[in-house]
Amino acid sequence: MGGRDAQGTTELAVELPSVAGFRIRRLLGCGGMGQVYLARDERSRGYVALKVITTRLRTSPRIQARFATEIAATAKVRHPHVIRLRAWGTAHDAPYAVFDYVDGVELCALPRALPWQVGAHLAWQLADAVDAVHRAGLLHRDIKPANVMIGRTGWVTLIDLGLAKPVAPDRGLGPAAWPTVPGAPVGTPHYQAPELARGAPASIASDVFAMGMVLSRLLELRVRGPASQLEVEVEDAGAVPASLVALVRRCLAPVPARRPATVAELRDALAAVERRPLRVRPEPRASRPVTWPTPACDASTSDDPAVARRPPLALPRRAAAP
(Lines give C-alpha, C1' and ligand atoms only; values in the text may rest on other atoms or scores of the structure.)
Protein backbone atom coordinates (compact mmCIF):
# COMPACT_ATOMS: atom_id res chain seq x y z
CA MET A 1 0.00 0.00 0.00
CA GLY A 2 1.36 3.41 -0.83
CA GLY A 3 0.47 6.87 -1.97
CA ARG A 4 1.65 10.39 -2.44
CA ASP A 5 3.53 11.92 0.46
CA ALA A 6 1.57 14.37 2.60
CA GLN A 7 3.22 17.37 4.21
CA GLY A 8 3.13 18.36 7.86
CA THR A 9 3.33 16.68 11.23
CA THR A 10 0.39 14.46 12.13
CA GLU A 11 -1.34 13.68 15.38
CA LEU A 12 -0.20 10.05 15.39
CA ALA A 13 3.44 10.80 14.64
CA VAL A 14 3.45 13.16 17.63
CA GLU A 15 1.49 11.01 20.06
CA LEU A 16 2.60 7.57 18.96
CA PRO A 17 6.01 7.46 17.20
CA SER A 18 6.06 3.65 17.41
CA VAL A 19 3.14 1.21 17.06
CA ALA A 20 3.54 -2.45 18.03
CA GLY A 21 7.13 -2.64 16.85
CA PHE A 22 6.68 -0.45 13.77
CA ARG A 23 8.43 2.93 13.96
CA ILE A 24 6.68 5.71 12.04
CA ARG A 25 8.80 7.57 9.53
CA ARG A 26 6.42 9.89 7.68
CA LEU A 27 2.86 10.38 6.51
CA LEU A 28 2.09 8.84 3.13
CA GLY A 29 -1.49 10.01 2.72
CA CYS A 30 -4.89 10.64 4.25
CA GLY A 31 -8.27 9.22 3.31
CA GLY A 32 -11.84 9.33 4.45
CA MET A 33 -11.18 6.69 7.08
CA GLY A 34 -7.72 7.42 8.43
CA GLN A 35 -4.08 8.01 7.75
CA VAL A 36 -1.39 5.85 6.16
CA TYR A 37 2.19 6.13 7.36
CA LEU A 38 5.48 4.81 6.11
CA ALA A 39 6.87 2.78 9.01
CA ARG A 40 9.85 0.56 9.61
CA ASP A 41 9.54 -2.91 11.06
CA GLU A 42 11.96 -2.85 13.99
CA ARG A 43 12.40 -6.64 13.73
CA SER A 44 13.01 -7.17 10.01
CA ARG A 45 14.15 -3.56 9.31
CA GLY A 46 11.88 -3.54 6.27
CA TYR A 47 9.39 -0.81 5.35
CA VAL A 48 5.62 -1.19 5.66
CA ALA A 49 2.47 0.90 5.31
CA LEU A 50 0.74 1.50 8.65
CA LYS A 51 -2.93 2.46 8.44
CA VAL A 52 -4.64 3.98 11.49
CA ILE A 53 -8.18 5.29 12.00
CA THR A 54 -8.22 9.02 12.64
CA THR A 55 -8.95 9.92 16.28
CA ARG A 56 -12.26 11.68 15.59
CA LEU A 57 -13.57 8.67 13.61
CA ARG A 58 -12.67 5.88 16.04
CA THR A 59 -16.15 5.85 17.57
CA SER A 60 -17.98 5.79 14.21
CA PRO A 61 -19.77 2.42 13.67
CA ARG A 62 -19.47 2.82 9.90
CA ILE A 63 -15.73 3.46 10.02
CA GLN A 64 -15.17 0.63 12.50
CA ALA A 65 -17.13 -1.70 10.23
CA ARG A 66 -15.18 -0.73 7.13
CA PHE A 67 -11.83 -1.09 8.90
CA ALA A 68 -12.78 -4.53 10.23
CA THR A 69 -13.95 -5.52 6.75
CA GLU A 70 -10.70 -4.39 5.14
CA ILE A 71 -8.67 -6.45 7.61
CA ALA A 72 -10.86 -9.56 7.28
CA ALA A 73 -11.03 -9.40 3.49
CA THR A 74 -7.34 -8.71 2.90
CA ALA A 75 -6.42 -11.57 5.24
CA LYS A 76 -8.41 -13.96 3.01
CA VAL A 77 -6.66 -13.13 -0.26
CA ARG A 78 -3.05 -14.02 -1.04
CA HIS A 79 -2.04 -13.09 -4.56
CA PRO A 80 0.96 -11.31 -6.12
CA HIS A 81 -1.22 -8.43 -7.32
CA VAL A 82 -3.30 -7.95 -4.14
CA ILE A 83 -1.95 -5.98 -1.19
CA ARG A 84 -0.76 -8.21 1.65
CA LEU A 85 -1.86 -7.75 5.25
CA ARG A 86 1.01 -8.24 7.71
CA ALA A 87 -0.44 -7.43 11.14
CA TRP A 88 -3.31 -5.67 12.86
CA GLY A 89 -4.42 -4.74 16.33
CA THR A 90 -5.01 -1.82 18.69
CA ALA A 91 -2.31 0.27 20.36
CA HIS A 92 -3.12 3.09 22.80
CA ASP A 93 -6.78 3.02 21.65
CA ALA A 94 -5.68 3.38 18.02
CA PRO A 95 -6.88 0.54 15.72
CA TYR A 96 -4.18 -0.16 13.13
CA ALA A 97 -3.39 -2.45 10.23
CA VAL A 98 0.00 -3.08 8.65
CA PHE A 99 0.31 -3.75 4.91
CA ASP A 100 3.16 -4.17 2.45
CA TYR A 101 4.60 -0.84 1.41
CA VAL A 102 4.18 -0.22 -2.33
CA ASP A 103 6.17 2.75 -3.59
CA GLY A 104 4.33 3.73 -6.73
CA VAL A 105 1.53 5.85 -8.14
CA GLU A 106 -2.20 5.38 -8.24
CA LEU A 107 -3.59 4.32 -11.59
CA CYS A 108 -5.51 7.60 -11.73
CA ALA A 109 -2.14 9.43 -11.76
CA LEU A 110 -0.86 7.62 -14.86
CA PRO A 111 -0.33 9.71 -17.99
CA ARG A 112 -3.18 9.73 -20.47
CA ALA A 113 -1.10 8.61 -23.44
CA LEU A 114 0.12 5.08 -22.70
CA PRO A 115 0.40 2.61 -25.61
CA TRP A 116 -2.69 0.42 -25.75
CA GLN A 117 -0.47 -2.65 -25.22
CA VAL A 118 0.65 -1.27 -21.85
CA GLY A 119 -2.93 -0.42 -20.89
CA ALA A 120 -4.11 -3.92 -21.82
CA HIS A 121 -1.29 -5.51 -19.87
CA LEU A 122 -2.00 -3.45 -16.76
CA ALA A 123 -5.67 -4.42 -17.06
CA TRP A 124 -4.67 -8.09 -17.40
CA GLN A 125 -2.82 -7.93 -14.09
CA LEU A 126 -5.72 -6.14 -12.40
CA ALA A 127 -8.21 -8.69 -13.73
CA ASP A 128 -6.02 -11.47 -12.34
CA ALA A 129 -6.09 -9.74 -8.94
CA VAL A 130 -9.87 -9.22 -8.95
CA ASP A 131 -10.37 -12.84 -10.02
CA ALA A 132 -8.33 -13.89 -6.96
CA VAL A 133 -10.63 -11.78 -4.77
CA HIS A 134 -13.66 -13.51 -6.30
CA ARG A 135 -12.11 -16.96 -5.91
CA ALA A 136 -11.63 -16.14 -2.23
CA GLY A 137 -15.41 -15.76 -2.01
CA LEU A 138 -15.48 -11.96 -1.97
CA LEU A 139 -16.81 -9.08 -4.04
CA HIS A 140 -14.52 -6.04 -4.12
CA ARG A 141 -17.32 -3.49 -4.72
CA ASP A 142 -14.98 -0.49 -5.15
CA ILE A 143 -12.79 -1.16 -8.17
CA LYS A 144 -11.48 2.18 -9.41
CA PRO A 145 -8.15 3.76 -10.43
CA ALA A 146 -7.55 5.21 -6.95
CA ASN A 147 -7.53 1.66 -5.53
CA VAL A 148 -4.90 0.40 -7.95
CA MET A 149 -1.18 1.10 -7.49
CA ILE A 150 1.22 1.01 -10.46
CA GLY A 151 4.98 0.72 -10.01
CA ARG A 152 7.80 1.76 -12.32
CA THR A 153 8.23 -1.82 -13.51
CA GLY A 154 4.58 -2.02 -14.47
CA TRP A 155 3.63 -4.12 -11.43
CA VAL A 156 -0.04 -3.75 -10.46
CA THR A 157 -1.26 -3.94 -6.86
CA LEU A 158 -4.95 -3.90 -5.93
CA ILE A 159 -5.50 -2.15 -2.59
CA ASP A 160 -8.31 -1.19 -0.20
CA LEU A 161 -10.77 -4.03 0.36
CA GLY A 162 -12.72 -1.93 2.83
CA LEU A 163 -16.01 -2.42 0.98
CA ALA A 164 -15.51 -6.12 0.23
CA LYS A 165 -18.35 -8.49 0.99
CA PRO A 166 -18.63 -12.30 0.94
CA VAL A 167 -20.31 -13.72 -2.15
CA ALA A 168 -21.56 -16.61 -0.01
CA PRO A 169 -21.73 -17.20 3.76
CA ASP A 170 -18.19 -17.09 5.09
CA ARG A 171 -16.84 -20.16 6.86
CA GLY A 172 -13.46 -18.91 7.96
CA LEU A 173 -13.88 -15.59 9.72
CA GLY A 174 -17.33 -15.63 11.24
CA PRO A 175 -20.13 -13.04 11.02
CA ALA A 176 -18.48 -10.69 13.53
CA ALA A 177 -15.70 -10.00 11.04
CA TRP A 178 -18.19 -8.71 8.45
CA PRO A 179 -20.17 -5.99 10.25
CA THR A 180 -22.74 -4.08 8.24
CA VAL A 181 -24.12 -0.61 8.74
CA PRO A 182 -27.55 0.22 7.25
CA GLY A 183 -27.37 2.98 4.67
CA ALA A 184 -23.59 2.82 4.29
CA PRO A 185 -22.47 4.01 0.84
CA VAL A 186 -21.10 1.29 -1.43
CA GLY A 187 -18.59 2.01 -4.16
CA THR A 188 -17.83 5.10 -6.22
CA PRO A 189 -20.68 6.42 -8.42
CA HIS A 190 -18.66 6.80 -11.64
CA TYR A 191 -17.68 3.11 -11.52
CA GLN A 192 -20.98 1.70 -10.30
CA ALA A 193 -23.01 -0.58 -12.53
CA PRO A 194 -26.43 0.83 -13.50
CA GLU A 195 -28.32 -1.89 -11.62
CA LEU A 196 -26.72 -0.76 -8.34
CA ALA A 197 -28.25 2.68 -8.81
CA ARG A 198 -31.63 0.94 -9.03
CA GLY A 199 -31.10 -0.78 -5.69
CA ALA A 200 -29.92 -4.20 -6.89
CA PRO A 201 -27.29 -5.95 -4.75
CA ALA A 202 -23.63 -6.02 -5.77
CA SER A 203 -22.51 -9.04 -7.77
CA ILE A 204 -19.65 -10.38 -9.83
CA ALA A 205 -21.35 -8.66 -12.78
CA SER A 206 -21.11 -5.27 -11.05
CA ASP A 207 -17.39 -5.83 -10.40
CA VAL A 208 -17.03 -6.70 -14.11
CA PHE A 209 -18.73 -3.40 -14.99
CA ALA A 210 -16.25 -1.49 -12.80
CA MET A 211 -13.40 -3.35 -14.50
CA GLY A 212 -14.78 -2.22 -17.84
CA MET A 213 -14.74 1.39 -16.69
CA VAL A 214 -11.12 1.06 -15.56
CA LEU A 215 -10.21 -0.64 -18.84
CA SER A 216 -11.78 2.21 -20.79
CA ARG A 217 -9.56 4.60 -18.81
CA LEU A 218 -6.43 2.57 -19.58
CA LEU A 219 -7.26 2.36 -23.29
CA GLU A 220 -8.29 6.02 -23.63
CA LEU A 221 -11.84 5.14 -24.65
CA ARG A 222 -14.50 7.74 -24.02
CA VAL A 223 -17.63 6.45 -22.30
CA ARG A 224 -20.69 8.56 -23.01
CA GLY A 225 -24.40 8.48 -22.25
CA PRO A 226 -26.48 7.82 -19.14
CA ALA A 227 -25.62 4.87 -16.96
CA SER A 228 -28.44 2.81 -18.46
CA GLN A 229 -27.35 3.47 -22.05
CA LEU A 230 -23.55 3.57 -22.11
CA GLU A 231 -21.83 3.98 -25.45
CA VAL A 232 -18.11 3.52 -26.01
CA GLU A 233 -16.36 5.90 -28.37
CA VAL A 234 -12.75 5.83 -29.50
CA GLU A 235 -10.87 9.02 -30.28
CA ASP A 236 -8.50 7.22 -32.64
CA ALA A 237 -10.26 4.16 -34.03
CA GLY A 238 -7.05 2.86 -35.57
CA ALA A 239 -5.02 2.82 -32.32
CA VAL A 240 -6.99 0.32 -30.23
CA PRO A 241 -7.88 -3.10 -31.67
CA ALA A 242 -11.56 -3.54 -32.42
CA SER A 243 -11.60 -6.67 -30.25
CA LEU A 244 -10.59 -4.60 -27.21
CA VAL A 245 -13.27 -2.01 -27.91
CA ALA A 246 -15.82 -4.81 -28.20
CA LEU A 247 -14.59 -6.26 -24.90
CA VAL A 248 -15.11 -2.92 -23.13
CA ARG A 249 -18.62 -2.68 -24.62
CA ARG A 250 -19.43 -6.15 -23.24
CA CYS A 251 -18.20 -5.19 -19.77
CA LEU A 252 -20.33 -2.04 -19.82
CA ALA A 253 -23.50 -3.70 -21.09
CA PRO A 254 -26.53 -2.26 -19.23
CA VAL A 255 -27.90 -5.78 -18.73
CA PRO A 256 -25.65 -7.78 -16.35
CA ALA A 257 -26.27 -11.06 -18.20
CA ARG A 258 -24.63 -9.63 -21.33
CA ARG A 259 -21.33 -8.93 -19.59
CA PRO A 260 -18.51 -11.48 -19.28
CA ALA A 261 -19.69 -14.04 -16.73
CA THR A 262 -16.52 -13.76 -14.65
CA VAL A 263 -13.47 -11.54 -14.34
CA ALA A 264 -11.43 -14.62 -15.29
CA GLU A 265 -13.19 -14.55 -18.67
CA LEU A 266 -12.23 -10.88 -19.02
CA ARG A 267 -8.63 -11.66 -18.05
CA ASP A 268 -8.39 -14.47 -20.61
CA ALA A 269 -9.87 -12.22 -23.30
CA LEU A 270 -7.21 -9.59 -22.53
CA ALA A 271 -4.49 -12.23 -22.77
CA ALA A 272 -5.83 -13.33 -26.16
CA VAL A 273 -5.76 -9.77 -27.47
CA GLU A 274 -2.25 -9.14 -26.18
CA ARG A 275 -0.81 -12.30 -27.76
CA ARG A 276 2.74 -11.07 -27.12
CA PRO A 277 2.33 -8.66 -24.20
CA LEU A 278 4.49 -5.58 -24.13
CA ARG A 279 6.97 -6.18 -21.33
CA VAL A 280 7.73 -3.33 -19.00
CA ARG A 281 11.20 -3.67 -17.48
CA PRO A 282 13.17 -1.57 -14.99
CA GLU A 283 15.33 0.99 -16.77
CA PRO A 284 17.62 3.82 -15.69
CA ARG A 285 15.61 6.94 -14.92
CA ALA A 286 17.16 8.88 -17.80
CA SER A 287 16.17 6.27 -20.39
CA ARG A 288 12.55 5.73 -19.37
CA PRO A 289 9.87 7.34 -21.51
CA VAL A 290 8.84 10.70 -20.10
CA THR A 291 5.23 9.49 -19.96
CA TRP A 292 6.03 6.62 -17.59
CA PRO A 293 5.55 7.23 -13.84
CA THR A 294 8.80 7.92 -12.03
CA PRO A 295 8.16 6.49 -8.52
CA ALA A 296 9.69 3.02 -8.10
CA CYS A 297 7.95 -0.16 -7.09
CA ASP A 298 10.62 -2.83 -7.07
CA ALA A 299 9.05 -5.10 -4.44
CA SER A 300 6.11 -7.39 -5.08
CA THR A 301 3.34 -7.80 -2.55
CA SER A 302 3.98 -11.51 -2.11
CA ASP A 303 6.85 -13.78 -1.13
CA ASP A 304 5.24 -16.63 -3.04
CA PRO A 305 7.90 -18.23 -5.32
CA ALA A 306 5.20 -18.67 -7.96
CA VAL A 307 5.40 -14.94 -8.64
CA ALA A 308 8.72 -15.48 -10.41
CA ARG A 309 7.05 -17.90 -12.85
CA ARG A 310 4.10 -15.66 -13.71
CA PRO A 311 4.39 -14.24 -17.24
CA PRO A 312 4.99 -11.73 -18.59
CA LEU A 313 6.76 -9.89 -15.75
CA ALA A 314 9.72 -11.28 -13.86
CA LEU A 315 9.80 -10.87 -10.10
CA PRO A 316 10.83 -7.24 -9.48
CA ARG A 317 13.90 -6.54 -7.41
CA ARG A 318 13.58 -5.59 -3.76
CA ALA A 319 13.24 -1.84 -3.35
CA ALA A 320 15.99 0.20 -1.76
CA ALA A 321 15.18 1.85 1.55
CA PRO A 322 13.31 5.14 1.06
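The values are calculated or read from the model by the stated rules, or taken from the named source; none is laboratory data. Since we're looking at a predicted model, the values are computed, not measured. All Cβ positions, glycine included, derive from the backbone under ideal geometry; neighbour counts span all protein chains shown.
Observations on the structure shown:
- Within the set ALA132, ALA123, ALA193, ALA127, the sole residue that is touching a strand residue (DSSP E or B) at 6+ places or on another chain (Cβ under 8 Å) and modelled with pLDDT of 90 or more turns out to be ALA132.
- For ALA73: the one exception among (1) modelled with pLDDT of 90 or more; (2) surrounded by fewer than 22 Cβ atoms within 10 Å (Cβ to Cβ); (3) of a type outside the set (Ser, Thr, Tyr): (2)
- Filter result for LEU114 (at pLDDT below 85, closer than 23 Å to ARG267 by Cβ and assigned to a loop (DSSP other than H, G, I, E, B)): yes
- Test for ARG78: is it of a type in the set (Lys, Arg), over 13 Å from the mean Cα position of the chain (by Cα) and buried (at least 21 other Cβ atoms within 10 Å of the Cβ): no
- Contacts under 6 angstrom Cβ, first residue in region 58-70 being within 15 Å of ALA91 (Cα to Cα), partner modelled with pLDDT of 85 or more and assigned to a helix (DSSP H, G or I), 6 or more apart: none
- Filter pass, SER18 being surrounded by fewer than 20 Cβ atoms within 10 Å (Cβ to Cβ), at pLDDT 80 or above and hydroxyl-bearing (Ser, Thr, Tyr): no
- For GLY162, the conditions (1) modelled with pLDDT of 90 or more; (2) crowded, with 16+ Cβ neighbours inside 10 Å are fulfilled apart from (1).
- From the list LEU122, LEU161, LEU138, LEU107, the one residue that fits, being in contact (Cβ under 8 Å) with a residue 60 or more places away in the chain and touching a His at 6+ places or on another chain (Cβ under 7 Å), is LEU161.
- Filtering region 267-278 to residues that are at pLDDT below 90 and under 21 Å from the mean Cα position of the chain (by Cα) leaves only ALA271.
- Qualifying residue in region 76-87 (condition: within 19 Å of LEU38 (Cα to Cα), at pLDDT 90 or above, in contact with a strand residue (DSSP E or B) (Cβ under 8 Å, 6 or more places away or on another chain) and part of a loop (DSSP other than H, G, I, E, B)): yes
- Beta carbons closer than 8 Å, at least 6 apart along the sequence or on distinct chains, pair a first residue in region 224-244 that is in a loop (DSSP other than H, G, I, E, B) with a second that is modelled with pLDDT under 70 and not small (Gly, Ala, Ser) for VAL240/VAL234.
- Within region 25-35, the residues that satisfy the criterion of being in contact with a strand residue (DSSP E or B) (Cβ under 9 Å, 6 or more places away or on another chain) and either surrounded by 19 or more Cβ atoms within 10 Å (Cβ to Cβ) or outside any strand (DSSP E or B) (or both) are LEU27, LEU28, GLY31, MET33, GLY34, GLN35.
- In the set (1) under 22 Å from PRO189 (Cα atoms); (2) modelled with pLDDT of 85 or more; (3) not hydroxyl-bearing (Ser, Thr, Tyr), ALA264 fails one condition alone, (1).
Let's see how each residue does on (1) outside the structural domain of GLY21 (by TED's automatic domain parsing); (2) more than 21 Å from LYS144 (Cβ to Cβ):
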{"position": "ALA68", "(1), (2)": "no, yes"}
{"position": "THR74", "(1), (2)": "no, no"}
{"position": "VAL82", "(1), (2)": "no, no"}
{"position": "ARG86", "(1), (2)": "no, yes"}
{"position": "GLY89", "(1), (2)": "no, yes"}
{"position": "ASP93", "(1), (2)": "no, yes"}
{"position": "ARG112", "(1), (2)": "yes, no"}
{"position": "TRP116", "(1), (2)": "yes, no"}
{"position": "ALA123", "(1), (2)": "yes, no"}
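- Which listed residue is surrounded by 20 or more Cβ atoms within 10 Å (Cβ to Cβ), under 24 Å from TRP155 (Cβ atoms), at pLDDT 90 or above and not hydroxyl-bearing (Ser, Thr, Tyr), from LEU247, LEU252: LEU247
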